[in-house]
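The values are calculated or read from the model by the stated rules, or taken from the named source; none is laboratory data. As the structure is a computational prediction, the values presented were derived from the model and not from experiment. All Cβ positions, glycine included, derive from the backbone under ideal geometry; neighbour counts span all protein chains shown.
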Amino acid sequence: MKKAIITVAFVLLLTESLLAIDAMDMQNFIYLRDSGIVLPHLHPIAGIDYISTSTDKTYDREWDKEDIYGTYKRSVIWYSIGFGLGDMFETRLFIPTLTHSLESDYPTVRKDESSGASDIWLTTKFAFIQKPYLSFRFGVKFPTGDDNPPSNKLPTGDGQTDLDFSILSAYQPEQAGVAYNVSVGYRLRFEQEESPQSSGYDFDPADEGHFALYIGGKPVEYFGILFGGNGFISTSDDRISSSGFSHNLDDTWRAYFQVGTIIKGYSPVGVNLRADFHFDVAGKNEPAGFTWGVGVEYIPKFY
């Protein structure tokens, strides 16, 4: 009985944590999938990616893995479209749909789940240097997902607008050769009014710095493989009263680091395939777990 009570309390605590961070965490897609390479002049791009995570553990405030006495599952389908302009500039729109659930091993504990549209991203990227590329990316995240679901549901959005500023560098040979993808950036989050995480208060979610580092190459013209990792570390959240007083929520800062492999297949007609596999190596106040993804994109060849 005592174990069941502890389990219920822990699962409810994790659910509250997921209300605040999960939809945010899955937005790391733009950190992992994008690179410093800019589309050729007037070339469009269209893509679809599927990313899945399943775990029975989470990282606590002490960087230790803890059982969640159940299973958390998350899958995201990302649709993306974009175009290049002048060989130095491109813009892209990322539209995600999110399905995730938190289910306890104990039948007395509720199952929280949701499925629906999440927050969309609009990014622009400018290349200062080409081959190898050195680029600046600016992104805006719009709160189009549901951040205030019913009690038996999980959110599909964060509830606030975000701005992302990133520097990216990448090189990809046309034939065989060495390739790499490196990025570092900062994500600025605006306040939420009457946030469900802080009833009666405005909520200022933590900003975060993020990075990615992948090195590998193309052993042959139409196949590439990269090894490396990515991660982020945030500041702490703030709760703001109606009088404007700001209270820092101690020890709510988050971190997550993962390593893995990215495999790419290329074709002469512009259809490119992708698969990746990542394992968590460290974290704080974040779900752990193995993540895998597959995707396809089409860039028409006009030359």
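Under the condition of being outside any strand (DSSP E or B), in contact (Cβ under 8 Å) with a residue 60 or more places away in the chain and not hydrophobic (A, V, I, L, M, F, W, C), which residue from region 262-302 is farthest from Val220 (Cα to Cα)? Only one residue fits best here, namely Asn285. If the condition is being modelled with pLDDT of 85 or more and within 21 Å of Phe232 (Cα to Cα), then region 29-38 contributes Ser35, Gly36.
Name every residue in region 126-181 that is among the aliphatic types (A, V, I, L, M) and farther than 16 Å from Phe94 by Cα, in order of residue number. Show your work before the answer.
Narrowing region 126-181 to residues among the aliphatic types (A, V, I, L, M): 127, 129, 134, 140, 154, 163, 167-168, 170, 176, 178-179.
Result: Ala127, Ile129, Leu134, Leu154, Ile167, Leu168, Ala170, Ala176, Val178, Ala179.
For Val220, the conditions (1) of a type in the set (A, V, I, L, M, F, W, C); (2) modelled with pLDDT of 90 or more; (3) closer than 23 Å to Phe257 by Cα are fulfilled apart from (3).
Might you check whether a residue that is surrounded by fewer than 21 Cβ atoms within 10 Å (Cβ to Cβ) and farther than 30 Å from Thr99 by Cβ occurs anywhere in region 136-155? Checked region 136-155: at least one residue is surrounded by fewer than 21 Cβ atoms within 10 Å (Cβ to Cβ) and farther than 30 Å from Thr99 by Cβ. For region 39-46, the count of residues that are modelled with pLDDT under 50 and of a type outside the set (A, V, I, L, M, F, W, C) is zero.
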